[in-house]
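J.: Questions regarding the structure given below will be posed in turn.
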Amino acid sequence: MYLFIASVAAVLAACVAVRLALPRNDSHASVRRLVRCAVIAAVYVVLCLVLAPFSYGAVQVRVAEALCLLPVFGAEYIIGVTLGCFLANLFGSTIIDVIFGTIATLLACLVTYRLRHLRLKGLAIPASLPPVFFNAVIIGIEITLFFTDYHVMSAPLWLLCLSNGISVGVGELVSCTVLGVALVKLIESNAGLNGIFVEK
C-alpha cells in the first residue's frame, strides 16, 4: 500500500514539477517532454522503492541509476532523473540524502548530457562515468561525515571518505556503466524505443 501511494505521489509531483520547469512555447513538444519526464521520474522512484534493500546505504547497486544515462537522448531527462532521485530519497532515505543525492544526480546528468555524443567502440561509456564520479565523491563524503562515527575510528577521515567513495562508485559502475550503457544501446538499436525516447 505504501509503495502504491508513494508511486502515485511521485507521478503527480513529477508532472507538476516538470510542467513548471519546461518551456511553454511549443505546447505539443512540451506535453511530450512532460510525459517523458514524469514517467522517468516515477520509474526511478518505483525502482528504488521496490528494490529498496539494494537502493540505499553505503553498499548499494541502485538499478534506477541506469536512467542517469537518458540525458544522452535529450535535456528533458535531466529534470526527470533528478526529480526521480529527489522523490526516491524523500520517500526512502533521510533529508541529508535528499540534499546531497539530488545534487550528485543533477551534476551527473548535466555532465552526461554534455558527453552525449561521445562513444567508445559504439558504446556510451564516457557518458556513464559522471554518475560514477559524482556519486562516489559526494555520497562517499556524505556517508562518512553524517552516517559514520568517524571520531572514534582509528582510520583517518580521508581514508574513510575514500573507502565509502569506492564502495558507492563500484555500485554506480554496475548501475551506469553496465546497465545504463546497455539501456542506451538498446534504445539506439531499436527503432520503436528510439521513437519513444529520442528528443524530437
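The values are calculated or read from the model by the stated rules, or taken from the named source; none is laboratory data. From a predicted model like this one, the values you see are computed outputs, not experimental measurements. Here Cβ is always computed from backbone atoms with ideal geometry, including for glycine, and neighbour counts include all displayed protein chains.
J.: If a residue counts only when it is modelled with pLDDT of 90 or more, β-branched (Val, Ile, Thr) and under 20 Å from ALA136 (Cα atoms), which helices (runs of 4 or more DSSP H) contained entirely in the range 30-118 have at least 2 such residues?
T.: It comes to 76-92, 95-114.
J.: Moving on to the next point. Given LEU129, LEU145, LEU123, which one is at pLDDT 95 or above and more than 18 Å from the chain's Cα centre (by Cα)?
T.: LEU123
J.: Next up: Taking ARG119, is it under 19 Å from VAL178 (Cβ atoms) and among the basic types (Lys, Arg)?
T.: yes
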